[in-house]
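Undergrad: Structure below; questions to follow.
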Amino acid sequence: MKLLAVGSMAYDAIETPFGKTDKILGGAASYIGLAASVMKVDVSLVTVVGEDFHREYLEMFERKNINIEGVEIVKGGKSFFWSGKYSLDLNTRDTLITEVNVLADFDPKIPPHGSESEVLLLGNLDPKVQLSVLHKMKKRPKLVILDTMNFWMNSTWDSLMKVIAETDVITINDEEARQLSREYSLIKAAKKIHAMGPKYVIIKKGEHGAILFYKDEIFALPALPLEEVFDPTGAGDAFAGGFAAYLTKTEDLSFENMKKAIVVGSAMASRTVEKFGTKSIENYTNEELKERIKQFQGLTAFESLTV
Ligand code: AMP
């Protein structure tokens, strides 16, 4: 199977309690592509950048066999720029600057190579653009996964509802799930979100892991306890990228396999936060990924017991 992903490609400037960066590579599509490439999945990205975007970033994607035919470069345009600052506990962040730039008039073009992809990941971006990508596919993909954030709930509620209605899997963090459903209990929130469209609801809880809801079933995985956390930016995108890439690679879109995909997504997210920006996921090898998945197994396995 093939994976097609749309999302922002950006310059980010990040501040955490451990340091500060100048403009570095960022954006949902970047993290998704890099996560998928760790598993050598056939992945194509659809996005837009300005003429100011470093050529070396695009070359790095090509070297990793990430298909970038769908990355439009706007002559004279400026790339999307986002700047954020994290609190001391890294759990909350303030967006300092969002310069939409070339993303404002983005009319996505699906590259021929990706137009019949079986798995479509609608990464964080304007829901109108997400919907237009879905409608431009040659046929409806077998699985449509949506990632979004509170920014879109606050600014484009109606379009967000339209794209959610056409989605199979939604990944969202706990705070956003509560905002979307107006429910405090995550079980009630997941039920309400099911009713909006997605059969599968994944609620991410940062350093506390992720929960997958399907019908009346629940699967929960803790996050890997880490000694070093530098920068949570992109963890959600790397999670979604790893989740989607695993399903694409195994060609199995069942609930049982989605549980495994959650492990892969979590293994990607935990790696991403260990360095600033995309640096640690850029250098993630398949062997290291396997090793981290074993750590998850050790963390969660216990023998049956009697009480
Ligand atoms: P995450 O930490 O998973 O929420 O993703 C962080 C990435 O999202 C950063 O690299 C930003 O460039 C990107 N980002 C932030 N705000 C937006 C937005 N409004 N639209 C699209 N991408 C965004």
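The values are calculated or read from the model by the stated rules, or taken from the named source; none is laboratory data. Owing to the predicted nature of the structure, the values given are computational and were not obtained by experimental measurement. Glycine gets a Cβ as well: all are built from the backbone with ideal geometry, and neighbour counts include every protein chain shown. Just so you know, the surface numbers come from the protein's heavy atoms only, side chains and all, with ligands and any DNA or RNA stripped out. Shrake-Rupley method; radii C 1.70, N 1.55, O 1.52, S 1.80 Å.
Undergrad: How do the pairs read when you match residues in the stretch 91-103 that are over 24 Å from Val48 (Cβ atoms) and touching a residue at least 12 places away in the same chain (Cβ under 8 Å) with residues anywhere that are open to solvent by less than 70 Å² (accessible area, probe 1.4 Å) and assigned to a loop (DSSP other than H, G, I, E, B), using Cβ under 9 Å and keeping only pairs 6 or more apart or on different chains?
TA: Note: pairs meeting the criteria are Asn91/Pro232; Arg93/Ser87; Arg93/Pro232; Arg93/Thr233.
Undergrad: Please give the number of the condition Ile211 fails out of (1) among the aliphatic types (A, V, I, L, M); (2) farther than 30 Å from Tyr11 by Cβ; (3) outside any strand (DSSP E or B); (4) out of contact with any helix residue (DSSP H, G or I) (no Cβ under 6 Å at 6 or more places or on another chain).
TA: (3)
Undergrad: Only one of Leu226, Leu221 is open to solvent by less than 60 Å² (accessible area, probe 1.4 Å), more than 12 Å from the ligand (Cβ to nearest atom) and modelled with pLDDT of 95 or more. Can you tell me which?
TA: Sole residue among the options that is open to solvent by less than 60 Å² (accessible area, probe 1.4 Å), more than 12 Å from the ligand (Cβ to nearest atom) and modelled with pLDDT of 95 or more: Leu221.
Undergrad: Here's a follow-up. Determine whether Phe213 is hydrophobic (A, V, I, L, M, F, W, C), farther than 27 Å from Asn65 by Cβ and open to solvent by 40 Å² or more (accessible area, probe 1.4 Å).
TA: Criteria not met by Phe213.
Undergrad: Being among the small types (Gly, Ala, Ser), over 19 Å from the mean Cα position of the chain (by Cα) and over 25 Å from Asp107 (Cα atoms) is true for just one of Ser185, Ser159. Which residue is that?
TA: Unique residue meeting the criteria: Ser185.
Undergrad: For Ala235, work out the one condition from (1) open to solvent by less than 30 Å² (accessible area, probe 1.4 Å); (2) touching a strand residue (DSSP E or B) at 6+ places or on another chain (Cβ under 7 Å) it doesn't fulfil.
TA: Result: Ala235 fails condition (2) only.
Undergrad: Another one. Quick check: is even one residue across the stretch 162-172 open to solvent by less than 10 Å² (accessible area, probe 1.4 Å), in a helix (DSSP H, G or I), among the β-branched types (Val, Ile, Thr) and on the phi < 0 side of the Ramachandran plot?
TA: Among the residues of the stretch 162-172, at least one is open to solvent by less than 10 Å² (accessible area, probe 1.4 Å), in a helix (DSSP H, G or I), among the β-branched types (Val, Ile, Thr) and on the phi < 0 side of the Ramachandran plot, which makes the answer yes.
Undergrad: Among all residue pairs at least 6 apart or on different chains, which show Cβ distances below 7 Å where the first residue, located in the stretch 42-64, is of a type in the set (Asp, Glu) and the second is open to solvent by 40 Å² or more (accessible area, probe 1.4 Å)?
TA: Note: pairs meeting the criteria are Asp42/Lys2; Glu51/Ile73; Glu51/Val74; Glu51/Lys75; Glu51/Gly76; Asp52/Lys78.
Undergrad: If I filter the stretch 37-48 down to residues being in contact with a strand residue (DSSP E or B) (Cβ under 9 Å, 6 or more places away or on another chain) and more than 15 Å from the ligand (Cβ to nearest atom), which single residue comes out as most open to solvent (accessible area, probe 1.4 Å)?
TA: Filtering first and then ranking leaves Asp42.
Undergrad: Further, regarding this structure: Tell me, please, whether a residue that is open to solvent by less than 30 Å² (accessible area, probe 1.4 Å) and within 15 Å of the ligand (Cβ to nearest atom) can be found in the stretch 53-60.
TA: yes
Undergrad: Another question, if that's okay. Which residue pairs have Cβ atoms closer than 6 Å, lie 6 or more positions apart in sequence or on different chains, and pair a first residue in the stretch 227-250 that is at positive phi with a second residue that is buried (at least 24 other Cβ atoms within 10 Å of the Cβ) and assigned to a helix (DSSP H, G or I)?
TA: Final answer for the pair search is Gly234/Tyr31; Gly234/Thr272.
Undergrad: Continuing with the same structure: Of the conditions (1) part of a helix (DSSP H, G or I); (2) without any contact (Cβ under 8 Å) to a residue 12 or more places away in the chain; (3) more than 24 Å from Ile187 (Cβ to Cβ); (4) not acidic (Asp, Glu), Asn257 fails just one. Which one is it?
TA: (3)
Each row is one residue, and each column tells you yes or no for (1) exposed (fewer than 15 other Cβ atoms within 10 Å of the Cβ); (2) modelled with pLDDT of 95 or more; (3) more than 16 Å from the ligand (Cβ to nearest atom).
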{"residue": "Ala240", "(1), (2), (3)": "no, yes, no"}
{"residue": "Phe243", "(1), (2), (3)": "no, yes, no"}
{"residue": "Tyr246", "(1), (2), (3)": "no, yes, yes"}
{"residue": "Lys249", "(1), (2), (3)": "no, yes, yes"}
{"residue": "Phe255", "(1), (2), (3)": "yes, yes, yes"}
{"residue": "Lys260", "(1), (2), (3)": "no, yes, yes"}
{"residue": "Ser270", "(1), (2), (3)": "no, yes, no"}
{"residue": "Gly277", "(1), (2), (3)": "no, yes, no"}
{"residue": "Leu289", "(1), (2), (3)": "no, yes, yes"}
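Undergrad: Please work out which residue is surrounded by the most Cβ atoms within 10 Å (Cβ to Cβ), limiting yourself to the stretch 173-189 and to residues that are assigned to a helix (DSSP H, G or I) and in contact (Cβ under 8 Å) with a residue 24 or more places away in the chain.
TA: Ala177
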